[in-house]
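Please treat every number below as a calculation from the coordinates, not as lab data. Since this is a predicted model, take the numbers as computed values, not measurements. As a convention, Cβ positions derive from the backbone with ideal geometry for all residues, glycine included, and neighbour counts pool all protein chains shown.
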Amino acid sequence: MKKLVLLFIGVVFVAAGLLAQTPVAPLTEGVKLLNYEKNKSALVFFKEALDKNPADGETIFWYGQALLAQNYNGIPTAEFIKKAKDAYQAGLQAKGNDPWLLIGMSHIQSLEGADANAVKQNLEVAITTTLNTKGKAKGKPNQEIINAIGRVFAELPISVGDHKYAVDKLKETVSAYDAVSADLYLSLGINYLKLGGENGGDAVTAFQNAISKDPKNAYAYYRIGKVYQTQSNQESLEENYKKAIEADIAVAPAYFALYDFYKDKNSSLAKANLDLFLKYADKDPLFDYYSADYLYRSGQFDQSLEKAKAMEAAGNLTIFPTLAVLLAKNYDHKGDSILAKSYIEPYINNTPTDKIASSDYELAIKILSRFSGNQQALAALLDKAIAVDSSKENKLKFYKLGADMFEKATIYSEALKWYTNLIKLKGAKAEFDYYKLASLALNAKNGPVTMEIAKQYVAAFPEKPQGYNFNTKGAALVDSSNNQGILFEAVNFQNQFLLKDSVKNKQALINNYYTLIGYYNETKGYDNAVVMCDKVLELVPNDPTTLQAKAQFVKNAEILKKMQAGKGAKAAVSDTTAPKKN
């Protein structure tokens, strides 16, 4: 890991004067463009602002943020990281320890893999040099500086940077003031989400607090909608996206989010929202991707593949990796698994986990599981997806994908693990869940687990025959020689159920009596073997095989009694083979 050296640590400025400088144009308009993902427009805006005020640290900071926003998969390209770094370094050389530029360089260094503690040391310098020095706010952190720090961490990938540090700094600043900027709450909410899906409630609360400060904040409503979309809460996501659009009709990300939600559910609604997104978003030739994606979803496969291949030929695959998913889907639909694999495999392996959609994992499992030897690697990817996804529904889907994949590959012990984890997350078991778990355990040749699940099955559904049946089959795996009494006990337990309807369960009872006959023969319980033969004969009168076996058991019982009484010491008990099942 690279170490970040404190930038110009020997030169500490009290930056009240620096922060007091007013940019030529209100920078909030450019920030709004970034929030609305109009990144090209934002870059033009901040470049013009920088040309008018080239020495202003805040303007340089936001110009660098606009450069880092020039990406198509959430990760800035090396080209734009370098441009932003050059801008921040030039500013620091000219202005010294400017707090805005320290924050900007901390963003760069985090992306480059710098030591997290060293990054935070530079941020602490930015905070310390901008503490308010007058009035009621004396000694308190500057809200704009703290928000800039929160913004940087909000833009970093989940796996990069100490997002809890950002949350703590934002919370500390919020609690220090009576009047708080809505932007602080926005940054707080996004950083809560970076900490993991379990913080979704805190994130929503932060976004709602932003709305309380700014009731027309379309971006805050949009962010709430995104949280509910990860939870597949249709009513709440639609409500908040609607409020976002009512607050600002030009909030392009809300239309795209609705398109993304409806694309597999309602083709006409998806198309309507896609058209509105294209109307309000920055114009970009890569939006051809969305058109190609819509063509695929509407069943126009040849047209979709033609447009996707044209984008690939134009070099868009390298700067817009999601195109690989569309190409994989199209080739999969055409039945070309090899070409489909050539696109989906590198995409899944090289894309940050938090940028991969649940449907992408489904597609990868579908395609790659057709090729032997991929199961463990795919399982590792699913584990990562489960770790970062906040949606219980998606986690359940991933567990099922894993279970189905291993079951299809007849690796039943692994399939059992995945389905067991699915049930733990799901909670209450349906009858099918007991059946599935017991079936997987049985196929995995795991007798004890089969019996354990089967007994739970019987307890939950005592009137269903499958639990008793699985218990007996599991016991047969444990007691394969039928001489430990385990299978004996399981069979008797099942017979109690079967005897409730001896006509319907006739053959099952016969099979079980034969199993008990085998047990008694093995343990020399010949009198009991005779009793079991009689029970078979009640169901199948005059069955010659059973009559013959009974006669031999009677004879063996008499010989055994004589031997035990010390008489007929030379007499031998004949081996008796249990009659075969009819």
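Considering the range 238-297, what Rg and Dmax in Å follow from its alpha-carbon atoms?
11.1, 33
Between 0 and 90 degrees, rounded to the nearest ten: what's the tilt of helix 392-408 against the longest Cα principal axis of the chain?
The angle comes out at about 50 degrees.
Which of the trypsin sites (Lys or Arg not before Pro) found in the range 350-387 are in a DSSP loop and have at most 15 neighbouring Cβ atoms, other than their own, within 10 Å?
Listed in order of number, the matching sites are Arg370.
Among Gly150, Ala364, Val167, pick out the residue whose Cα is farthest towards the positive end of the charge dipole of the chain, where Lys and Arg carry +1 and Asp and Glu carry -1 on C-beta, about the Cα centre.
Of the candidates, Ala364 comes out farthest on the positive side.
Let me know the shape class of the range 266-329, please: from the alpha-carbon gyration tensor, a ≥ b ≥ c as square roots of the eigenvalues, rounded when a/c is under 1.5, otherwise prolate if a/b is greater than b/c, or oblate.
oblate
Given H placed 1.01 Å from N in the peptide plane, which residues other than close sequence neighbours of Ala114 have an amide H under 5 Å from its amide H?
For Ala114, no residues qualify.
Let's see if you can work this out: charge +1 on each Lys and Arg Cβ, -1 on each Asp and Glu Cβ, no other charges. What is the dipole magnitude of the chain about its Cα centre, in debye to the nearest 20? Don't jump to the answer; show the numbers that get you there.
Working: 69 positive and 63 negative charges, 312 e Å.
With Lys and Arg at +1 and Asp and Glu at -1, about 1500 debye.
Toward the positive end of the charge dipole of the chain, about the Cα centre and with charges on Cβ (Lys, Arg +1; Asp, Glu -1), which of Tyr255, Asn233, Gly525 goes farthest?
Gly525
Could you give the size of the charge dipole of the range 177-273 about its Cα centre, using +1 on the Cβ of each K and R and -1 on the Cβ of each D and E, expressed in debye and rounded to the nearest 20?
I would put it at about 260 debye.
Could you tell me the calculated FRET efficiency between Glu362 and Lys555, based on Cβ-Cβ distance and R0 = 51 angstrom, to the nearest 0.05?
0.20
Can you pick out the pairs among Lys38/Lys216; Lys424/Lys504; Lys85/Lys341 whose Cα atoms lie more than 30 Å from each other? Write down the numbers at each step before the final one.
Working: Lys38/Lys216 19 Å; Lys424/Lys504 36 Å; Lys85/Lys341 37 Å.
Over 30 Å apart, Cα to Cα: Lys424/Lys504; Lys85/Lys341.
Quick one: Ile81, Ile319, Ile338, Ile158, fewest Cβ neighbours within 10 Å first, how do they rank?
Ile338, Ile319, Ile158, Ile81
Show me the GluC sites (Glu not before Pro) within the range 60-158 that DSSP assigns to loop and that have at most 16 other Cβ atoms within 10 Å of their Cβ. It would help to have the intermediate numbers written out before the result.
On the way: sites: Glu79, Glu112, Glu124, Glu144, Glu155; in loops: Glu112.
Answer by residue number: Glu112.
I want to make sure I understand the PRE zone here: with the label point 7 angstrom from the Cα of Ala179 toward its beta carbon, which residues in the range 102-134 have backbone N atoms less than 18 Å away?
132-134
Can you compute the helix-only [θ] at 222 nm over the chain? Use -39500 (n - 2.57) per DSSP H run of at least 4 residues, normalise by all residues, nearest 500 deg cm²/dmol.
-22000 deg cm²/dmol
Looking at the range 427-500, which GluC sites (Glu not before Pro) are in a loop (DSSP not H, G, I, E or B) and have at most 15 other Cβ atoms within 10 Å?
Details: sites: Glu431, Glu452, Glu463, Glu489; in loops: Glu463.
Taking the range 427-500 and a limit of 15 other Cβ atoms within 10 Å, the loop GluC sites (Glu not before Pro) found are Glu463.
Relative to the Cα centre, what is the charge dipole magnitude of the range 279-356, using +1 at the beta carbon of each Lys and Arg, -1 at the beta carbon of each Asp and Glu, and rounding to the nearest 20 debye? Kindly include the intermediate steps, with their values, before the conclusion.
Numbers: 9 positive and 11 negative charges, 21 e Å.
That gives a dipole near 100 debye.
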